[in-house]
Amino acid sequence: MRRLLSALALGASTMLAAQTAIAQTAAPEAPAAPAAAPQSFESPIQNGKGEPIGKIVIRDGASSLVMRVTIQPGGLPPGWHGIHFHAVGDCSDTEKFEKSKAHVNHDQSKHGLLNAEGPDEGDLPNVFANADGSVNAEVSSETPLTGEGALKDGDGSALIIHANEDDHSTQPIGGAGARIACAVIK
């Protein structure tokens, strides 16, 4: 009788263990942790006199950066303007904004969104200034705000707005002309 009870107890415990294992494998997985909220950054845009004319707002997600460019009426000459990320976050030389150096370009690509050997990491689509000189635009870039190859590196970066539109292929800056506005990204 004891052997029978021991056998029944062993069988019951084996069955319970099997049911628990099945229940654990069939149980739904715990929901994945929500993705981290995009990082945000905001900076004023200044003209060649050092006056604020607008702002940039950058949101950086897992695979893309989205930047809004807002410029008040009278901020820019009407028409298309090339915009680029430049390698140094310095807009202190307001007459030419040359302290911002050349484009962000870690892998030494050629300039131009339409260039077969490009684009470089500083290349962005043009923005359009309305008849009153205002701009409300949103552009995206694969260049991250933080992390490896980021805009917010040791010396920061700058958004430069040029006098003319960028043709997205001519070297070195697509014929975009003089630097007329700047925003520091640090």
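The values are calculated or read from the model by the stated rules, or taken from the named source; none is laboratory data. The structure presented is a predicted model; accordingly, all values stated were derived computationally and were not measured. So basically every Cβ, Gly included, is an ideal-geometry build from the backbone, and we count neighbours across all protein chains shown.
Just a few scattered comments:
- Taken over region 68-88, the criterion of being outside any strand (DSSP E or B) and either free of Cβ contacts under 8 Å to residues at least 12 places away in the same chain or not polar (S, T, N, Q) (or both) is satisfied by PRO73, GLY74, GLY75, LEU76, PRO77, PRO78, GLY82, ALA87, VAL88.
- Boolean, SER40 is within 17 Å of the chain's Cα centre (by Cα), modelled with pLDDT under 95 and not aliphatic (A, V, I, L, M): yes
- Total residues in region 93-124, condition closer than 15 Å to ILE161 by Cα and either without any contact (Cβ under 8 Å) to a residue 40 or more places away in the chain or among the aliphatic types (A, V, I, L, M) (or both): 7
- When region 57-82 is filtered for residues that are within 15 Å of ILE180 (Cα to Cα) and in contact with a Phe, Trp or Tyr (Cβ under 9 Å, 6 or more places away or on another chain), the ones remaining, listed by number, are PRO78, GLY79, TRP80, HIS81.
- Exactly one residue among ASP120, ASP153 is over 13 Å from MET67 (Cα atoms), part of a loop (DSSP other than H, G, I, E, B), in contact with a strand residue (DSSP E or B) (Cβ under 7 Å, 6 or more places away or on another chain) and of a type outside the set (S, T, N, Q), and that residue is ASP120.
- Residue in region 126-150 that is nearest to the chain's Cα centre (by Cα), counting only those that are β-branched (Val, Ile, Thr) and part of a loop (DSSP other than H, G, I, E, B): THR143
- Qualifying positions in region 43-67 - in a loop (DSSP other than H, G, I, E, B) and under 17 Å from the mean Cα position of the chain (by Cα): GLY61, ALA62, SER63, SER64
- Each residue in region 132-160 was checked for being touching a Leu at 6+ places or on another chain (Cβ under 7 Å) and among the β-branched types (Val, Ile, Thr), and 3 pass.
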